[in-house]
1. Going by the structure shown, is Thr99 modelled with pLDDT under 95, closer than 27 Å to Val161 by Cβ and within 15 Å of the ligand (Cβ to nearest atom)?
2. Residues in region 101-113 that are buried (at least 21 other Cβ atoms within 10 Å of the Cβ) and touching a His at 6+ places or on another chain (Cβ under 8 Å): how many?
3. Report yes if Ser225 is farther than 23 Å from Ala84 by Cα and within 16 Å of the ligand (Cβ to nearest atom), otherwise no.
4. Using the structure shown, decide if Ile206 is within 14 Å of the ligand (Cβ to nearest atom) and either assigned by TED's automatic domain parsing to the domain that holds Trp68 or closer than 19 Å to Asn101 by Cβ (or both).
5. Looking at this structure, is Ser204 at negative phi and loosely packed, with under 13 Cβ neighbours inside 10 Å?
6. Is there a residue being within 16 Å of the ligand (Cβ to nearest atom), under 25 Å from Val18 (Cβ atoms), outside any helix (DSSP H, G or I) and touching a residue at least 12 places away in the same chain (Cβ under 8 Å) anywhere in region 60-76?
7. Please count how many residues of region 77-88 are more than 12 Å from the ligand (Cβ to nearest atom), touching a helix residue (DSSP H, G or I) at 6+ places or on another chain (Cβ under 6 Å) and not in a helix (DSSP H, G or I).
8. Counting only residues that are acidic (Asp, Glu) and crowded, with 20+ Cβ neighbours inside 10 Å, how many does region 115-140 have?
Amino acid sequence: MPERDAAELLRDAKRVVVFTGAGMSAESGVPTFRDALTGLWARFDPRTLATPAAFAADPALVWGWYEWRRAEVQRVHPNAGHRAVATIESHIPDTVVITQNVDDLHERAGSSPVHHLHGTLAHPYCSGCGEPYTFPPEIPEEPEEGRRVAPPSCAECAAPVRPGVVWFGESLPEGQWGIAERAAQDCDVFLCVGTSSVVYPAASLIEHAAARGAVTIQVNPNSTSWDDRVSFDFRAPAGVVLPALRGCLAGP
Ligand code: APR
């Protein structure tokens, strides 16, 4: 049974990378980035909102979109897949969790540390001087779909605060990227979950792992360009496959 074979390799691994994308949070109710958005936001292509140029042209439109996403993430909960990742981590201490997601669902499921290659919704900062901005503690009232929300002004320099995410055309956080590259190059097993593997440089991590001879495991209900290149291709949701793999970890 492929799940048992994969779980055995996982169980014997010394160093594991779990690399996740938007599909990891889909079963929690967070729409994947490339899914059509609902309501008024359906008119916008996320790829055109998630850019420095979009924020410069219309900061309230972009901030409002991220506030809508932040409210949405606060409403949902980690799913069985997130919890399985945390359990894998507790079985195999040298597990490195790397995500492209800007939500905090891995952390809320118990994973620590989580390396966010594309930043997080939780840590905005000043677009002018880089000063971090702290959100007020109360949970934001969910902006009506499509509402523009003017970004706060920086307390130091009065420039608009921007979302703490990495936009198209921006560099990844150096420290996080360095950890991710090293982990991908050194791992025995690379688990690639819920990502279309099309956005670089993040998508190059599986290439590094495969080139070094790691066992590669893909979990995705849909086809990707890696289907024929991974050691195991599980064509099913993360919330089904990861608990099954975790369940096999305990032994025969
Ligand atoms: N379980 C596993 N995978 C799933 C599930 C699920 N339940 N549901 C959907 N998927 C898969 C989809 O088939 C798709 O291949 O998740 C993938 C999501 O792909 P994208 O929306 O492209 O997300 P991602 O790969 O994370 O995008 C990378 O691109 O848009 C930028 O910065 C953004 O971090 C994002 C990056």
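The values are calculated or read from the model by the stated rules, or taken from the named source; none is laboratory data. Predicted model, so just to flag it, every value in this text is computed and none were measured. In this analysis, Cβ positions are derived from the backbone assuming ideal geometry, glycine residues included, and neighbour counts consider all displayed protein chains.
1. Answer is no for this residue.
2. Going through region 101-113 one residue at a time, the tally reaches 6.
3. When the stated conditions are applied, Ser225 passes them.
4. yes
5. no
6. The answer is yes, given that some residue of region 60-76 is within 16 Å of the ligand (Cβ to nearest atom), under 25 Å from Val18 (Cβ atoms), outside any helix (DSSP H, G or I) and touching a residue at least 12 places away in the same chain (Cβ under 8 Å).
7. Qualifying residue count for the region: 1.
8. Within region 115-140, residues that are acidic (Asp, Glu) and crowded, with 20+ Cβ neighbours inside 10 Å number 0.
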